[in-house]
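The values are calculated or read from the model by the stated rules, or taken from the named source; none is laboratory data. In this text the structure is predicted, and so the values were computed from the model without any measurement. To get the accessible areas, we keep the full protein, side chains included, count just its heavy atoms, and leave off ligands, DNA and RNA. Shrake-Rupley method; radii C 1.70, N 1.55, O 1.52, S 1.80 Å.
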Amino acid sequence: DVSSPKHGKVDPDNMPHVGGNMWAGGTGGRDTAGLGGKGGPYRLDAGHTVYQVSQAEKDAVPEEVKRAAREMGEKAFKQRLKEIQMSEYDASTYERFSGAVRRQVQSLRIILDNLQ
């Protein structure tokens with residue numbers, strides 16, 4: 001069961017963590033920032049294979065936990081914007097322009113990776 005969202009511990013060795021309720025950047029777990037889990041405050045990719053919990057499990061997260069996770073994610077987003085000296089308007093403008101060329105940038109990255 002989910003209890004409350006949190007960032008989680010950072011593994012100094014960046015080992016892959018699947019499931020559980022402890023590690024930031026893990027996959028398929030609960031309550032912590034990561035990918036493929038449920039009840040976490042925001043997505044955090046540590047570069048590992050993503051294991052996804054079912055949509056039914058995600059839907060079963062209590063509304064108060066979802067609300068707390070959204071609030072924590074929003075707070076982290078605003079803090080990150082502050083760190084990089086960006087306003088919310090700047091972020092939305094960046095996202096609008098970035099989204100328009102996202103596929104082309106991805107294609108270019110693939111081409112450059114293959115050339116390396």
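List of remarks:
- 0 to 90° range, to nearest 10: angle between helix 88-115 axis and the chain longest Cα axis: 70
- Surface accessible to a 1.4 Å probe, per residue, for the residues of the stretch 1-85, Å²: 65
- Normalised by 2.2 N^0.38 Å, where N counts its residues, the alpha-carbon radius of gyration of the stretch 1-82 equals 1.02.
- Once the Cα atoms are used to define both axes, helix 63-83 deviates from the longest principal axis of the chain by about 40 degrees.
- Taking every lysine pair in the chain that is 8 or more places apart or spans two chains, those with Cα atoms closer than 13 Å amount to 6.
- Exposure ranking of V65, V101 by accessible area [1.4 Å probe, largest first]: V101, V65
- Residue with peak Gaussian network fluctuation, the chain [Cα springs, cutoff 10 Å], from T27, T49, T93: T93
- Across F97, F77, the residue with the most accessible area heads the list, and the full order at a 1.4 Å probe is F97, F77.
- Only protein atoms count toward the accessible area here, which uses a 1.4 Å probe; on the chain, the carbon and sulfur part of that area reaches 53 percent.
- When the alpha carbon gyration tensor of the stretch 51-116 is reduced to an equivalent ellipsoid, the three semi-axes, largest first, read 30, 22, 11 Å.
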